Amino acid sequence: MKLNQLRYICEVARRDLNVSAAAEALFTSQPGVSKQIRLLESELGLEIFERSGKHLTRVTPAGEEILQAANRVLEDVRNIRAIAEEHKDEARGSLSIATTHTQARHALPPVVTSFRERFPNVSLHMHQGTPMQIADQAARGQVDFAIATEAIELFEDLVMMPCYRWNRSVIVPEGHPLLDVQPLTLEALASYPIVTYVFGFTGRSKLDTAFSEFGLTPNVVFTATDSEVIKTYVSLNLGVGIIASMSFEPERDRGLRAIDASHLFEHSVTNIGFRRGTYLRSYMYDFINTFAPHLTEDVVHRAIEARTAEERDALFRELAPHLKEH
């Protein structure tokens, strides 16, 4: 049994049994992957995957258990390498982060700048995607950290910690009638076409809930994953925008005005998550603490040890008063 064989079966399972896609991701050939899987099955004396002709059709019951064990082995291998690197040079390595555009553009730049000043020999890799993609990448061990507002809590394999609270602003062109509505109401907002985030992005679910609780149906005419795109279409008078307040920059967004809407919507919380069982190097603890100062190494350890929903909820309640507004 070889480590590469374990990598191959895990990647094939991750790629919905598409051997060609797995081979491409592993930078090897499709025949080579198929051959190694057959050799492993021959050694074990059972099939990991069922087949129809040359195509894999499903994972066998035994294969499900083997894949779980293989993933644990590969996680241990990653941790062994991380431990070795930590002892060779605790300030050298790499850190991969998956996040949304809003976090990458507006929340992370000062954190990354500060981190790079302290750890110039740690290479940073930023991956952007949907909240579901981001959480899935962390759960599979493809990135070190996931930073997002939505979806992280859906993955039980992730250790999740709250970082900061944020709310929304309504973005309108200069001279728009909503600027004279004080205080701004959901009824007034619902009377205009709305440009906002795609569902599942950047706290969109809380926006929909707020309108629904008042029996209102917002006229959402355009959605995007990127607040910069939303502001562009507000400038074109397509509608009024609803975005994360941190995304509005008066100096850059000339011609637009922001109206605070925090009284209309429940606050959202951005979280950081990582795969349970991951060996965290010292610079990883530093990054977490730089991003969210209340997340000390001790608090991270407590989050790792919180296995039940009750324990996690108790820790979150304790941390809630320390969350800063962004």
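The values are calculated or read from the model by the stated rules, or taken from the named source; none is laboratory data. Please read all numbers here as calculations on a predicted model, not as lab measurements. Neighbour counts are summed over all protein chains in view; Cβ atoms, including those assigned to glycine, are modelled from backbone coordinates with ideal geometry. When the accessible area is computed, the model is the full protein with side chains, heavy atoms only, and any ligands, DNA or RNA have been set aside. Shrake-Rupley method; radii C 1.70, N 1.55, O 1.52, S 1.80 Å.
At-a-glance table
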| item | result |
| --- | --- |
| Per residue, in Å², the accessible surface of segment 251-326 once ligands and nucleic acids are set aside, probe 1.4 Å | 54 Å² |
| Whole-number D in µm²/s for segment 153-311 (Stokes-Einstein; Kirkwood sum over Cα pairs; 25 °C, 0.890 mPa s) | 139 µm²/s |
| The chain: C-alpha pair distances exceeding 27 Å, % | 54 percent |
| Within the chain, percent of DSSP bridges classed antiparallel, to nearest 5 | 55 percent |
| Heavy-atom accessible area ranking, 1.4 Å probe, most first, across 123, 191, 227 | 191, 123, 227 |
| Helical contribution to [θ] at 222 nm, DSSP H n ≥ 4, -39,500 (n - 2.57), averaged over the chain, rounded to 500 | -12500 deg cm²/dmol |
| Rg/Rg_ref, segment 251-326, where Rg_ref = 2.2 N^0.38 Å and atoms are Cα | 1.45 |
| Accessible-area composition of the chain, carbon plus sulfur, in percent [1.4 Å probe] | 50 percent |
| Residue order for 66, 288 - accessible surface, 1.4 angstrom probe, largest first | 66, 288 |
| Under-5 Å amide H pairs with residue 150, H placed in peptide plane, nonlocal only | 202, 203 |
| Protection proxy ranking of 296-305, 82-91 - average other beta-carbon atoms within 10 Å, highest first | 296-305, 82-91 |
| Reach of residue 206 by Cα under 13 Å, taken over aspartates and glutamates that are not fewer than 8 positions away in the same chain | 150, 266 |
| Normalised contact order of the chain, rounded percent, pairs of Cα under 8 Å and 6 or more residues apart | 20 percent |
| Alpha-carbon Rg with Dmax, taken over segment 250-295, Å | 17.5, 49 |
| Those aspartates and glutamates that a straight Cα-Cα span of less than 14 Å connects to residue 35, excepting residues fewer than 8 apart in one chain | 43, 47 |
| Longest to shortest principal axis, alpha-carbon extents of segment 73-232, angstrom | 62, 33, 22 |
| Residues whose placed amide H lies under 5 Å from that of residue 143, excluding near-sequence neighbours | 138 |
| Segment 157-201 versus segment 41-118: alpha-carbon centroid distance in Å | 36 Å |
| Value of relative contact order over segment 98-200, rounded to a whole percent, pairs C-alpha under 8 Å and six or more apart | 25 percent |
| Placed amide H near residue 276: partners under 5 Å, 5+ positions off or other chain | 158, 159 |
